[in-house]
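Engineer: Sending over a structure as structure tokens; questions will come in a sec.
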Amino acid sequence: MRPHATASNPAAGNVTSAVLAIGRSDFPNVLIDTLRRQAGVGHCMVFALSRAGAASCLLDAGNIPIGGDLGAAYAGQFHESDPNRDAMFEGEGGAPIMLPMFAPRMYGARYRKIFFQDSGIVDKCATAIWTGNTCFYVNFYRIAAQGRFSAAQRERLEAIAPAIGASVARHFQEKATPDQSLATLFATRAPLAALTPREQEVCRRILAGYSSEAISKGLGISLHSTLTYRKRAYQRLGISSQSELFAIVLRLLAGPRGLN
């Protein structure tokens, strides 16, 4: 087990679409599409675990037909025999945890049969993040038709796991609603809230991947004005790039206050 925090890694910016979908009904679809593009993930499942012993399946999306059954079985009893459990509970804290690499020998015979042999799963990566007394356990799978994750895909998953974990935790917080979106984050959380409304609009479109020309057209302002708003916003935030802007958003999402 080792913490793996890469909030300042520019690679994290490639999961912006998932961050922008936080609180929306299409978040599961956006998440799995992002994971497929970025690291060849076939299926994603998210569980919430508590120190009191409760477990629930929050998300089941991808190419495993019996994913729902697996989620129910895991939440019902198998979470207690998950070999990652000790690593997750020992790693309680604000930083996302990249869990040990999958190996069949880690699991008992019954666990292997139900969760890997019967389902066709041949490989798995996982990350976890604690918010308060809840651990959000995010699992990434590949089935036989896909083969195992390549070394490059594992590296990509390690790079984006902090952003994915923080996004999942934020989305599934008990109080999370559609209006607790990126717009709300900009409106209520320092240092983003210190920006003017127009600077916030420009920054949100930068995060969404719009070019300066597209931002100008969308807001009905000149290109010169767009560049000026961007420059002023970056100066207020003490940054110089889109990846640094994304890092601020990710830090707010992942931090204890950002998830309350």
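FYI, it's all coordinate maths here, none of it is from the lab. Computed from a predicted model, the values in this text were never measured in an experiment. Positions of Cβ are generated from backbone atoms using ideal geometry, with glycine treated the same way; all protein chains shown enter the neighbour counts.
Engineer: Across the range 122-128, in residue order, what do the Karplus-derived ³J(HN,Hα) couplings come to in whole Hz, using 6.51 cos²θ - 1.76 cosθ + 1.60 with θ = phi - 60° and x for Gly and Pro?
Structural biologist: Here the 3J(HN,Hα) series is 10, 7, 8, 10, 8, 9, 8 Hz.
Engineer: What's the magnitude of the charge dipole for the chain around its Cα centre, counting Lys and Arg as +1 and Asp and Glu as -1 at the beta-carbon? Answer in Debye, nearest 20.
Structural biologist: 540
Engineer: I want the local charge near SER211. Using Cβ-Cβ distances under 13 Å, sum +1 for each Lys or Arg and -1 for each Asp or Glu among the other residues.
Structural biologist: Residues near SER211 contribute +2 overall.
Engineer: Subtract the Cα-Cα distance of SER50 and GLU155 from 0.36 nm times their separation in residues, and report this length gain in nm to one decimal.
Structural biologist: 34.9 nm
Engineer: Using helices alone, what [θ] at 222 nm do you get for the chain, with -39,500 (n - 2.57) per DSSP H run of 4 or more residues, divided over all residues and rounded to the nearest 500?
Structural biologist: -13000 deg cm²/dmol
Engineer: Please list 3J(HN,Hα) in residue order for the range 130-145, calculated via the Karplus relation 6.51 cos²θ - 1.76 cosθ + 1.60 where θ = phi - 60°; whole Hz, with x for glycine and proline.
Structural biologist: Per residue, the Karplus-derived 3J(HN,Hα) values read 9, 9, x, 9, 10, 9, 8, 10, 10, 10, 10, 10, 9, 9, 3, 4 Hz.
Engineer: I would also like to ask the following. Given ALA183, MET98, ILE129, which one lies farthest toward the positive end of the charge dipole of the chain, if we put +1 on the Cβ of every Lys and Arg and -1 on the Cβ of every Asp and Glu?
Structural biologist: Highest projection toward the positive end goes to ALA183.
Engineer: Can you list the DSSP H helices in the chain whose Cα atoms extend at least 27 Å along the helix axis and whose mean Kyte-Doolittle hydropathy is -1.0 or higher?
Structural biologist: TM-like helix candidates: 151-171.
Engineer: Would you pull out the residues with amide H under 5 Å of HIS43's amide H, same chain only if 5 or more places away, H placed 1.01 Å from N?
Structural biologist: ASN63, TYR141
Engineer: Scan around SER56 for amide H atoms under 5 Å from its own, H built in the peptide plane at 1.01 Å from N, and keep only partners 5 or more places away or cross-chain.
Structural biologist: Under 5 Å from the amide H of SER56: ALA48.
Engineer: Right, something else. Once you have the Cα-Cα distance between LYS217 and ALA103, take 0.36 nm times their residue separation minus that, and quote the gain in nm to one decimal.
Structural biologist: Here the segment from LYS217 to ALA103 would lengthen by 35.9 nm.
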